[in-house]
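Scroll down for the structure; my scribbles are underneath it.
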Amino acid sequence: MEIEKLTRMKGNQKVTMLTAYDYQTAKILDEAGIDMILVGDSLGNVILGYEGTKQVTMSDMERHISAVARGVKHAHIIGDMPIASYDNKVDALKNSKRLIAAGAHSVKLEGLNSDVIKALISSGIPVMGHLGLLPQTAIDLKVKGKKREEAERIYADALELDKLGVYGIVLECIPVALSQKITNGVKSLTIGIGAGVDCDGQVLVVNDMLGMLQDHKPKHVKLYANLHDIIKNAAQSYIDEVKAKTFPTDEYSFH
Ligand code: KIV
């Protein structure tokens with residue numbers, strides 16, 4: 001989906017976004033009609049089993065973006081720039097081009113890094129910003145912008161990102177009143193995760209909303225399915241049937 005079509009949705013209809021990291025999931029989300037798919041660096045904790053996003057590399061992102069791109073016909077694909085891939089303009093330009101070559105239609109990067117964002121946009125690379133809780137550098141996973149000073153800084157950063165020409169801004173774990181103020185104050189699409197219903201759109205980590213998590217469920221995650229139990233029960237049935245020699249029956253055998 002083209003960026004112009006997405007940005008025209010501001011104020012008219014909500015934009016839907018989920019993460020995906022693999023071909024099959026991306027294909028299903030695309031078939032369901034999702035507007036945007038983020039190949040997030042949440043890849044690190046969700047798929048690769050790291051503690052967070054810090055170990056995710058450019059090659060990890062390229063591999064998973066290309067898998068997602070092979071499954072998508074309609075949705076706009078965003079490639080997340082991993083930590084240390086956009087420390088300066090030269091790296092940011094080189095690395096964002098790699099993500100676009102892998103199949104992303106735009107890139108997302110965390111925080112306000114004006115020089116880098118300016119360089120990418122003037123080279124024709126569409127950029128989505130990300131404010132509030134920034135997992136690549138955060139020292140805790142608490143809600144950001146509850147205190148006045150921090151809220152004012154996030155608001156000012158959002159205005160600056162908007163001025164630089166980002167087409168969208170992810171707002172992660174900030175109070176509803178702040179996301180509402182930002183949404184009303186910028187031309188860009190605001191995409192919330194833990195930021196309330198007033199954002200122009202919403203994003204969730206797909207594995208979280210499908211209920212793959214077992215240990216800790218963040219407050220902002222709604223479970224739309226319980227894949228953990230579905231997969232575990234299916235695996236247990238398979239184990240029982242193989243042990244009992246009731247699988248494979250003739251129906252699943254060749255003669
Ligand atoms: O990496 C990711 O999944 C993200 C979302 C939390 C927005 O950045």
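The values are calculated or read from the model by the stated rules, or taken from the named source; none is laboratory data. The structure displayed is predicted, hence computed values, not measured ones. No Cβ is skipped: glycine too gets one built from the backbone with ideal geometry, and neighbour counts run over all protein chains shown. Ligands, DNA and RNA are excluded from the accessible area calculation, which covers all protein heavy atoms including side chains. Shrake-Rupley method; radii C 1.70, N 1.55, O 1.52, S 1.80 Å.
Rule-of-thumb check for the range 1-107: C-alpha Rg over 2.2 N^0.38 Å?
Numbers: Rg = 13.7 Å, N = 107, 2.2 N^0.38 = 13.0 Å.
Normalised by 2.2 N^0.38 Å, the Cα Rg of the range 1-107 equals 1.06.
With +1 on each Lys and Arg Cβ and -1 on each Asp and Glu Cβ, how big is the dipole of the range 108-255 about its Cα centre, in debye rounded to the nearest 20?
420
Whole number please: convex hull volume per residue of the Cα set in the chain, in Å³?
So the per-residue Cα hull volume is 146 Å³.
I'd like to check one number: the per residue accessible area of the chain, probe 1.4 Å, reported in Å² as a whole number.
54
Compute, for the range 3-224, the length of the dipole vector about the Cα centre, with Cβ point charges of +1 (Lys, Arg) and -1 (Asp, Glu) only. Units Debye, rounded to 20.
Taking the Cα centre of the range 3-224 as origin, the dipole is about 400 debye.
For the chain, give the percent of accessible area contributed by carbon and sulfur heavy atoms, probe 1.4 Å, rounded to a whole number. If you can, show how the numbers build up before the last one.
Details: 7420 of 13670 Å².
Accessible surface attributable to carbon and sulfur in the chain totals 54 percent.
Leaving ligands, DNA and RNA out of it, rank L109, L223 by accessible area with a 1.4 Å probe, largest first.
Working: L109 0, L223 90 Å².
Result of the area sort, largest leading: L223, L109.
Report, as a whole number in µm² per second, the diffusion coefficient that Stokes-Einstein gives for the range 1-44 at 25 °C and 0.890 mPa s using the Kirkwood radius over alpha carbon pairs.
The calculation lands on 216 µm²/s.
Kindly report, to the nearest 10 Å², the accessible surface of F247 as traced by a 1.4 Å probe over protein heavy atoms only.
Roughly 80 Å² of F247 is accessible to a 1.4 Å probe.
Over the Cα atoms of the range 153-228, how large are the radius of gyration and the largest Cα-Cα distance (Dmax), in Å?
14.0, 43
For V242 and I121, what is the calculated FRET efficiency with R₀ set at 45 Å and r taken between the beta-carbons, to the nearest 0.05?
Efficiency, from the Cβ-Cβ distance: 0.20.
Once the Cβ-Cβ distance between D250 and K27 is put in as r, and R0 is 51 Å, what FRET efficiency do you end up with, to the nearest 0.05?
About 0.95, to the nearest 0.05.
Keeping all protein chains in place and using 1.4 angstrom, which order do K73, K118, K108 fall into by accessible surface area, from largest down?
K73, K118, K108
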